[in-house]
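**Student:** This is the structure, below, for whatever I ask next.
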């Protein structure tokens, strides 16, 4: 596949081409509105205190969600953001996989290698140990 | 290429050392060894021995000038780590990580001295700055350090946003990120308002990064709040690297986008730069006079020094280029020296320096030489640095701007001499220094003083390297 | 669509981000506004990339002009992720000390 495949979207910018999307949007909005109104009008109404309680996957409620969270959650979240976004570089590589050949493979292997080094560091420093 | 790859690898080595080597006193030895290797590899590349042959598709261009600037920055870092490694160990438990971050920052500097493409410039700036955000906040339990880190981070990413918008506009106008093709493109095509806007946005973003007024307001707070050892690094090496990139970027743009070449949409760069310079000199010098803390005074004085380095941007010629190298070396030496003394003090106010000459004559002498160099007194490198900058402006035919520069240099003598007066002419009963001066620090300071005086007597000891 | 629309949209988004940075007091929201600025430039870069590609397409059907603009976007996104991780770490660190993310707490350095 050629390298410019990133750009291979067909030019669609006439008003006609947007017509199906418009119809679909109308349908979607109409469907939601109809369903909401119908269920509000036709459904039976029982008001109990259980219905106002939070739903936590069917198990007993364990308290307020707005409590300070353990710092390790943030750490994992931050690490996730880092490792997650770096995948972005695999997209151009995947598209031009054949064209780039072994040189490209070497570059990507080096990129992944740096990541493994970082990951080793994280493991070694105990950033992913979940139990205290 | 040596410098870029090796500095990144050495950073990783230090990171791994922290994970696998438990002997904490070993880290600084590893860091020093890596820095020596890095300086050696960079000099080897200057002499034509490149260890890596990588096709960068003209995104990076290595020339003697850039490599020599690398050498200045790396040698200054070597000196900095040599003098203050024991202070770095005292900040918190993560010594090896601090060294690793310093190496990553150096990698950014190596990219900034060789970029030939706006993408590489952007990456270089980010690789240089992101480790600094962490270093600023490294004193985790100190609220001032937290505040400085957050402020630096928010201001840094804000200016990154502006930089990116500028790059996007230039890309839109010229269809390329390359510095060379931008030059060709604008000569062929009509200069568009989009490109001019992009250039001005780049100017604003860089003014943020090098703390030129009116975009300087973050500097005093960040320099004051960061741990003093890392302020030393930020105020010296990072700052001059930022200037190098600033000048490198704009020397290819000023001609094509100027008012003289394109009367329709061009910018009067000289006027813009003159306003920037005078505002920076004014804010830096006048505010520094009223400071009570030496650390904060140094932060404002670094703004004032930035004003002088901006002269290199105003008059892009061979003279100002030499001046920039001399300024970089002299300013790094003096700043590293004075901060090495400052971190030893109990009290950072001017009164805290009272009687230092009696109790610690070596420290007081080194401080005096560094301050004289910052003030630009003859026989120190600071004098020649300022002289080259001002002479370059006079050569361009703007003598009035040079006179303004001299006037503000006169103001700066006042606040630098306040410290000297406190050290020599006031007395204190107890030793103002908190920790005893080790022989390492004495050797380091001797190198700093020797460097300042040798380059002050014979500036061509440095400048000859540009032309050999 | 003409390129002016994209420029206008990107500049409006960017300005919303700038105004947010300058007026909001919550560190997280300031941070989000900075991300908005970066993403506005991403949009602009992609639009310009397509524009240059379209212009070059007339002369050469297999042209690669314009691809570098999109690659730039990748780098911006990755750098933004690195900034996010450092920035969030700094905000969490501050939260542990002052139990707030309000930047009005940040006035210890003003003397």
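**Student:** Report whether or not residue B:412 is in contact with a helix residue (DSSP H, G or I) (Cβ under 9 Å, 6 or more places away or on another chain) and closer than 26 Å to residue B:300 by Cα.
**Tutor:** So residue B:412 fits the description; yes.
**Student:** Oh, and also: Residue under question is residue B:466, and the condition is that it be surrounded by 21 or more Cβ atoms within 10 Å (Cβ to Cβ) and touching a residue at least 24 places away in the same chain (Cβ under 8 Å); does it hold?
**Tutor:** no
**Student:** Here is a further query. Can you pull out the residues in segment B:260-316 that are touching a strand residue (DSSP E or B) at 6+ places or on another chain (Cβ under 9 Å) and over 30 Å from residue B:422 (Cβ atoms)?
**Tutor:** B:266, B:267, B:268, B:269, B:270
**Student:** Out of everything in segment C:19-41 that is at the interface with another protein chain (Cβ under 8 Å from one of its Cβ atoms) and within 14 Å of residue C:6 (Cβ to Cβ), what residue ends up being surrounded by the fewest Cβ atoms within 10 Å (Cβ to Cβ)?
**Tutor:** At the first step, the residues of segment C:19-41 found to be at the interface with another protein chain (Cβ under 8 Å from one of its Cβ atoms) are C:21, C:27, C:30-31, C:34, C:37-38, C:40-41.
Now drop any that are not within 14 Å of residue C:6 (Cβ to Cβ), which leaves C:40-41.
Values: C:40: 24, C:41: 28.
Among those that are at the interface with another protein chain (Cβ under 8 Å from one of its Cβ atoms) and within 14 Å of residue C:6 (Cβ to Cβ), it is C:40.
**Student:** Here are some conditions: (1) in a helix (DSSP H, G or I); (2) buried (at least 17 other Cβ atoms within 10 Å of the Cβ). Residue C:4 meets all but one. Which one does it not meet?
**Tutor:** All conditions are met except number (2).
**Student:** Shifting gears a bit: Looking at segment C:1-10, is at least one residue facing another protein chain (nearest Cβ under 7 Å) and modelled with pLDDT under 90?
**Tutor:** Checking segment C:1-10: at least one residue is facing another protein chain (nearest Cβ under 7 Å) and modelled with pLDDT under 90.
**Student:** Could you check, for segment C:98-108, whether at least one of its residues is surrounded by 18 or more Cβ atoms within 10 Å (Cβ to Cβ), under 19 Å from the mean Cα position of the chain (by Cα), under 19 Å from residue B:153 (Cα atoms) and more than 7 Å from every other protein chain (Cβ to nearest Cβ)?
**Tutor:** The answer is no; no qualifying residue exists.
**Student:** Only one of these is without any contact (Cβ under 8 Å) to a residue 60 or more places away in the chain and within 20 Å of residue B:316 (Cα to Cα): B:328, B:375, B:399. Name it. Even if it seems obvious, please write down each step before you answer.
**Tutor:** Numbers: B:328 fails: without any contact (Cβ under 8 Å) to a residue 60 or more places away in the chain; B:375 fails: within 20 Å of residue B:316 (Cα to Cα).
It is B:399.
**Student:** Please verify whether residue B:372 is at pLDDT 90 or above and buried (at least 21 other Cβ atoms within 10 Å of the Cβ), treating the condition exactly as stated.
**Tutor:** yes
**Student:** Please indicate, with yes or no, whether at least one residue in segment B:88-100 is within 18 Å of the chain's Cα centre (by Cα) and surrounded by fewer than 24 Cβ atoms within 10 Å (Cβ to Cβ).
**Tutor:** No, that holds for no residue.
**Student:** Let me ask another. May I ask you to say which residue of C:77, C:94 is at pLDDT below 90 and within 7 Å of another protein chain (Cβ to nearest Cβ)? Outline the logic, then answer.
**Tutor:** Details: C:77 fails: at pLDDT below 90.
When all the criteria are applied, what remains is C:94.
**Student:** Out of curiosity, is residue B:113 within 27 Å of residue B:448 (Cα to Cα) and out of contact with any helix residue (DSSP H, G or I) (no Cβ under 8 Å at 6 or more places or on another chain)?
**Tutor:** In short, no.
**Student:** Do we find that residue A:58 is more than 30 Å from residue A:119 (Cα to Cα), surrounded by fewer than 10 Cβ atoms within 10 Å (Cβ to Cβ), away from chain C (no Cβ under 14 Å) and at pLDDT 75 or above in this structure?
**Tutor:** When the stated conditions are applied, residue A:58 does not pass them.
**Student:** While we're here: Does segment B:185-206 contain any residue that is out of contact with any helix residue (DSSP H, G or I) (no Cβ under 9 Å at 6 or more places or on another chain), at pLDDT below 95 and either closer than 28 Å to residue B:56 by Cβ or part of a helix (DSSP H, G or I) (or both)? First the steps, then the outcome.
**Tutor:** The initial filter retains those residues of segment B:185-206 that are out of contact with any helix residue (DSSP H, G or I) (no Cβ under 9 Å at 6 or more places or on another chain), namely B:188, B:190.
In the following step, the residues that additionally are at pLDDT below 95 were identified as B:188, B:190.
When the remaining residues are screened for being either closer than 28 Å to residue B:56 by Cβ or part of a helix (DSSP H, G or I) (or both), the result is B:188.
There is at least one residue in segment B:185-206 that is out of contact with any helix residue (DSSP H, G or I) (no Cβ under 9 Å at 6 or more places or on another chain), at pLDDT below 95 and either closer than 28 Å to residue B:56 by Cβ or part of a helix (DSSP H, G or I) (or both).
**Student:** Which number in (1) in a helix (DSSP H, G or I); (2) touching a helix residue (DSSP H, G or I) at 6+ places or on another chain (Cβ under 7 Å) marks the one condition that residue B:248 misses?
**Tutor:** It is condition (2) that residue B:248 fails.
Yes/no per residue for (1) within 30 Å of residue B:56 (Cα to Cα); (2) away from chain C (no Cβ under 14 Å); (3) out of contact with any helix residue (DSSP H, G or I) (no Cβ under 9 Å at 6 or more places or on another chain); (4) surrounded by 15 or more Cβ atoms within 10 Å (Cβ to Cβ):
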residue	(1), (2), (3), (4)
A:82	yes, no, no, yes
A:89	yes, no, no, yes
A:92	yes, no, no, yes
A:95	yes, no, no, yes
A:100	yes, no, no, yes
A:111	yes, no, no, no
A:114	yes, no, no, no
A:123	no, yes, no, no
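**Student:** Regarding residue B:256, is this residue over 19 Å from residue B:390 (Cα atoms), at pLDDT below 90 and part of a helix (DSSP H, G or I)?
**Tutor:** yes
**Student:** Only one residue in C:7, C:34 is within 10 Å of the chain's Cα centre (by Cα) and under 22 Å from residue B:119 (Cα atoms), so which one is that? Spell out how you get there, then give the answer.
**Tutor:** On the way: C:7 fails: within 10 Å of the chain's Cα centre (by Cα).
Only one candidate passes the filter, namely C:34.
**Student:** Condition first: within 22 Å of the chain's Cα centre (by Cα) and assigned to a helix (DSSP H, G or I). Can you find one or more residues in segment B:342-364 that meet it?
**Tutor:** yes
**Student:** Restricting the search to segment C:51-73, which residues are more than 7 Å from every other protein chain (Cβ to nearest Cβ) and more than 18 Å from residue A:95 (Cα to Cα)?
**Tutor:** C:51, C:54, C:55, C:56, C:57, C:58, C:59, C:60, C:61
**Student:** Continuing with this model, one more query. I need every pair where a residue in segment C:44-55 that is in contact (Cβ under 8 Å) with a residue 40 or more places away in the chain has its Cβ under 6 Å from the Cβ of a residue that is surrounded by 22 or more Cβ atoms within 10 Å (Cβ to Cβ), sequence separation at least 6 or different chains.
**Tutor:** Every condition considered, the pairs that remain are C:48/B:171; C:48/B:172; C:48/C:69.
The values are calculated or read from the model by the stated rules, or taken from the named source; none is laboratory data. Please read all numbers here as calculations on a predicted model, not as lab measurements. Neighbour counts run over all protein chains shown; Cβ positions are idealised from the backbone, glycine included.
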